[in-house]
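See below for the structure under consideration.
The values are calculated or read from the model by the stated rules, or taken from the named source; none is laboratory data. Note that the structure is predicted; figures quoted are calculated from it, not measured. Here the Cβ is made from the backbone with ideal geometry for all residues, glycine too, and neighbour counts use every protein chain on show.
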Amino acid sequence: MGKTLIVYHSVSGNTEKIALGLSRLLEADLVKINDKEKSGSLLIKTPSILLQWSGILRKDQKINIDAYERIFIGSPCWGYRVTPQVKHFVENHDFRGKEVLLFMTHGGDCGNSSDRFKALIKDGIYLGMLDYQISVEDKVVMKDLKRLGVK
């Protein structure tokens, strides 16, 4: 298995909890997209490095995803869609040949979020979606990953 990257946007902390758990379980690199326009940041955390840039992720601030075979993208579910910050990230990166998995947190129903997201990644290999209404234990996440064939 190649390197895994986890990219996420979190507002209340629920998506972040899932992202941190996935990063720990899969020994994956982690990128947080902050939603605060003036004091926002893009935070990249690897097992050995912690870097932070000022500003929000803009079209001219892409993450080099070439080194990654698999990319997990996390977002709260807003109106059956990923957040604008996550949509912007997806629209500005090329996922051709990459395995992509969406994970969402929500307070109700995600509706057709999975189908909408799949259309956004274009030539990426869509692995499916994990969705959680509340924070969950690592063992639940691992069970869901196995169900999707992700090790």
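Taking the criterion of being part of a loop (DSSP other than H, G, I, E, B) and not acidic (Asp, Glu), the residues of region 137-151 that qualify are 148, 149, 150, 151. Keeping to region 100-127, report how many residues are of a type outside the set (Gly, Ala, Ser), closer than 18 Å to residue 141 by Cα and out of contact with any helix residue (DSSP H, G or I) (no Cβ under 7 Å at 6 or more places or on another chain). Residues in region 100-127 being of a type outside the set (Gly, Ala, Ser), closer than 18 Å to residue 141 by Cα and out of contact with any helix residue (DSSP H, G or I) (no Cβ under 7 Å at 6 or more places or on another chain): 5 in total. Looking across region 124-145, the residues that are farther than 15 Å from residue 21 by Cβ and either touching a Ser or Thr at 6+ places or on another chain (Cβ under 6 Å) or at pLDDT 85 or above (or both) come down to 124, 125, 126, 127, 128, 129. One residue is enough: does region 23-35 have a residue meeting the conditions modelled with pLDDT under 90, within 13 Å of the chain's Cα centre (by Cα) and among the small types (Gly, Ala, Ser)? Within region 23-35 (the criterion being modelled with pLDDT under 90, within 13 Å of the chain's Cα centre (by Cα) and among the small types (Gly, Ala, Ser)), the answer is no, since none of the residues qualifies.
For residue 72, the conditions (1) under 23 Å from residue 130 (Cβ atoms); (2) at pLDDT below 50 are fulfilled apart from (2). Consider region 93-116 and keep the residues that are among the polar types (S, T, N, Q) and assigned to a helix (DSSP H, G or I). The one that is surrounded by the fewest Cβ atoms within 10 Å (Cβ to Cβ) is 114.
Each residue in region 117-136 was checked for being without any contact (Cβ under 8 Å) to a residue 60 or more places away in the chain and either of a type in the set (Gly, Ala, Ser) or part of a loop (DSSP other than H, G, I, E, B) (or both), and 7 pass.
Of everything listed in (1) farther than 20 Å from residue 93 by Cβ; (2) at pLDDT 75 or above; (3) surrounded by fewer than 16 Cβ atoms within 10 Å (Cβ to Cβ), the single unmet condition for residue 66 is (1).
Residue pairs whose Cβ atoms lie under 8 Å apart, separated by 6 or more positions or on different chains, with the first residue in region 66-77 and over 15 Å from residue 148 (Cβ atoms) and assigned to a strand (DSSP E or B) and the second among the aliphatic types (A, V, I, L, M) and modelled with pLDDT under 95, are 75/82; 75/86; 75/102; 75/104; 76/11; 76/104.
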